[in-house]
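Engineer: Submitted below is the structure of interest, expressed as structure tokens.
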Amino acid sequence: MKNGLAEPAVQRIAQGIAAVYPQFDREQFVDLALDGLETLELKQRVMHLIAVLQQTLPEDFTETAKILVALPEHWDRGDPDDSLRGFAIWPVTDFVAVAGIAYPQQAFKALAALSPLFSAEFAIRPFIEKYPEQSWEQLLAWTTSDDEHLRRLASEGCRPRLPWGAQLKELIADPAPILPILEVLKNDSSLYVRRSVANNLNDIAKDHPELVLDLCQVWQKGANADLQWLIKHATRSLVKQGHPKSFPLLGYTADPQLKLEEFAVLDQQVTMGDSLTFALALRAEEMQQKFVLDYAVHFMKANGKTASKVFKLKNLSLNKGEMFAIEKSHSFKAISTRKYYPGEHFVALHVNGQEIDRLAFTLKE
């Protein structure tokens with residue numbers, strides 16, 4: 001992804017600013033921006049370009065803010081087929097959080113202008129920390145904007161555990177200031193916005209599961225299909241963790257009555273690079289048994305202990321006497337996100353997040 005901030009992006013930044021700010025030394029900016037850029041990783045490139053913008057834009061941020069507000073009208077949005085075309089504006093947006101941190105009101109105007117080009121959820125976070133009262137007032141105002149990008153920014157910017165972003169530790173401890181924002185946006189007309197609301201709640205649920213479940217129970221009363229989807233997406237981590245209150249909330253049987261007719265691994269030994277295959281069969285013992293069926297692999301770690309990871313299998317609805325049977329393979333091909341170690345592993349079945357059985361197998365080199 002770092003290639004989204006290579007020379008073409010630098011040229012687009014230079015072209016856009018020069019169109020708004022005639023005194024801009026475009027050649028100097030490009031030379032400074034390209035100096036050493038190829039050796040840097042993605043976030044390093046963002047920081048490098050922010051530093052170059054600081055050297056080449058006016059020191060007075062009130063003047064710079066006017067340039068940034070006018071920039072979108074002259075911005076080259078790039079090739080529509082380029083999935084990374086939005087990255088070019090990223091350093092400009094995050095520059096606001098560095099150069100404009102002492103000027104929150106001017107910074108908010110700049111971020112509002114730039115956010116439709118590349119979401120400003122990273123740039124708004126330092127302001128939330130330094131100017132909480134002003135920031136919450138601004139975020140709440142954005143929830144009623146005609147622009148879906150600003151409505152989304154209101155939610156995405158205050159996510160406590162935003163991926164790639166600095167954690168907002170005060171909101172991890174107490175997410176109460178976020179809730180009025182989400183309340184306004186929960187029925188937003190834009191899926192883009194509703195998805196952010198769900199992701200924000202999913203963040204909160206990692207530290208305050210009961211708060212999220214109680215809120216979703218309130219929201220569920222009279223909820224339309226869009227809000228039902230949002231609730232399901234917001235509680236996905238709680239479902240994966242097997243939190244007992246999450247399943248009735250989503251319409252699953254609180255205590256499903258099932259009989260495990262079969263559970264077997266087809267080979268007790270699996271070679272790295274091959275796959276584990278297991279078979280299972282479940283029969284419903286009562287009517288209308290609706291449940292989530294997952295499996296977990298307990299991987300051997302370097303220290304000889306095991307750590308489990310849950311994988312999705314199927315959401316099921318069975319009537320009394322009906323059976324569900326499946327044969328499933330899990331690959332042990334080398335991947336960059338996990339290192340495999342030889343030794344005894346386990347595969348476990350989970351119904352509504354609760355383990356009902358597990359089997360051992362050996363992974364060998």
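Engineer: Straight-line reach from K240: which aspartates and glutamates fall under 13 Å, measuring Cα to Cα and dropping same-chain residues less than 8 apart?
Structural biologist: D294, E355
Engineer: Follow-up question, since we're still on this one. Consider the candidate values [x] 23.2; [y] 23.7; [z] 20.4; state which one is Kirkwood radius over Cα pairs in Å computed from the structure displayed.
Structural biologist: [y]
Engineer: Here is a further query. Looking only at region 79-114, which residues have a backbone nitrogen under 19 Å from a spot 7 Å from the Cα of L42 in the C-beta direction?
Structural biologist: 79, 81-95
Engineer: Quickly work out the K339-to-Q288 label distance, labels modelled 7 Å from Cα along the C-beta direction, and quote it in nm with one decimal.
Structural biologist: 5.2
Engineer: Continuing with this model, one more query. Could you give the accessible area per residue of the chain, probe 1.4 Å, as a whole number in Å²?
Structural biologist: 48
Engineer: Considering the options F291, L84, L150, tell which one lies farthest towards the positive end of the dipole of the chain, charges being +1 on Lys and Arg and -1 on Asp and Glu at the Cβ, about the Cα centre.
Structural biologist: After comparing all options, I get F291.
Engineer: Helix-only mean residue ellipticity at 222 nm, the chain, DSSP H runs n ≥ 4 weighted -39,500 (n - 2.57), per residue, nearest 500. What is it? Walk me through the intermediate numbers first.
Structural biologist: Values: 16 runs with 154 residues, N = 365.
It lands at -12000 deg cm²/dmol.
Engineer: Ignoring ligands, DNA and RNA, what percent of the 1.4 Å accessible area of region 145-288 is carbon and sulfur? Mind dumping the intermediate values first?
Structural biologist: Values: 3260 of 6700 Å².
Of all accessible area on region 145-288, carbon and sulfur atoms account for 49 percent.
Engineer: Now a separate question. What are the DSSP H helices in the chain that stretch 18 Å or more along their long axis, judged by alpha-carbon atoms, and whose average Kyte-Doolittle hydropathy comes to at least -0.5? Please list the in-between numbers first.
Structural biologist: Values: long enough: 7-20 (20 Å, 0.54); 42-56 (21 Å, 0.35); 191-205 (21 Å, -0.07).
Passing helices, by number: 7-20, 42-56, 191-205.
Engineer: Follow-up. If I take every Cα pair under 8 Å that is 6 or more residues apart in region 210-263, average their sequence separation and divide by the length, what percent do I get for the relative contact order? Before the final figure, lay out the partial values.
Structural biologist: Numbers: 21 pairs, mean separation 16.2, N = 54.
RCO, region 210-263: 30 percent.
Engineer: Could you please state, rounded to a whole Å, how far the C-alpha centre of region 302-365 is from the C-alpha centre of region 1-48?
Structural biologist: 47
Engineer: Please work out the FRET efficiency for the pair L34 and D76, using the Cβ-Cβ distance as r and a Förster radius of 30 Å; give the result to the nearest 0.05. Walk me through the intermediate numbers first.
Structural biologist: On the way: r = 18 Å, r/R0 = 0.59.
It comes out at approximately 0.95.
Engineer: Now for a different question. Suppose every K and R has +1 on its Cβ and every D and E has -1 on its Cβ; what is the size of the dipole of region 283-365 about the Cα centre, in Debye to the nearest 20? Kindly include the intermediate steps, with their values, before the conclusion.
Structural biologist: Values: 14 positive and 9 negative charges, 90 e Å.
I would put it at about 440 debye.
Engineer: Springs between alpha-carbon atoms under 10 Å, Gaussian network over the chain: tell me which of L349, L280, L117 tops the mean-square fluctuations.
Structural biologist: Maximum among the listed residues: L280.
Engineer: Now a separate question. Which listed residue (A51, V30, P72) has the Cα farthest towards the positive end of the charge dipole for region 19-75, taking +1 on Lys and Arg C-beta and -1 on Asp and Glu C-beta about the Cα centre?
Structural biologist: Checking the options against the dipole of region 19-75, the answer is P72.
Engineer: Treat each spin label as a single point 7 Å out from the Cα along the C-beta direction, and report the W164 to Q241 distance in nm.
Structural biologist: My value for the distance between the label points is 2.5 nm.
Engineer: What number, in percent, do you get for the relative contact order of region 283-347 if the mean sequence gap of Cα pairs under 8 Å and at least 6 apart is divided by its residue count? Kindly include the intermediate steps, with their values, before the conclusion.
Structural biologist: Working: 97 pairs, mean separation 27.9, N = 65.
Relative contact order of region 283-347: 43 percent.
Engineer: Let me ask something additional. For region 267-282, just list the computed ³J(HN,Hα) in residue order, Karplus coefficients 6.51, -1.76 and 1.60, θ = phi - 60°, integers in Hz, with x standing in for Gly and Pro.
Structural biologist: Rounded to whole hertz, the list is 9, 6, 10, 10, 8, 3, x, 9, 10, 7, 10, 10, 10, 8, 9, 10.
Engineer: Can you pull the Rg over Rh of region 50-159, Cα-only, Kirkwood?
Structural biologist: Values: Rg = 13.4 Å, Rh = 14.1 Å.
That ratio is 0.95, to two decimals.
Engineer: How much length would be gained if the chain were fully extended between L266 and K312, taking 0.36 nm per residue of separation minus their Cα-Cα distance, in nm to one decimal? Write out the running numbers ahead of the final one.
Structural biologist: On the way: separation 46, 0.36 × 46 = 16.56 nm, distance 1.99 nm.
That pair, L266 and K312, stretches by 14.6 nm at full extension.
Engineer: Say each of V98 and A225 gets a label point 7 Å from the Cα, pointing the same way as Cα to Cβ; how far apart are those two points in nm?
Structural biologist: Reported label-point gap for V98 and A225 is 4.7 nm.
The values are calculated or read from the model by the stated rules, or taken from the named source; none is laboratory data. Everything numeric here is computed off the predicted structure, so don't read it as measured data. For neighbour counting, all protein chains shown are included, and Cβ atoms are generated from backbone atoms with ideal geometry for every residue, glycine included. When the accessible area is computed, the model is the full protein with side chains, heavy atoms only, and any ligands, DNA or RNA have been set aside. Shrake-Rupley method; radii C 1.70, N 1.55, O 1.52, S 1.80 Å.
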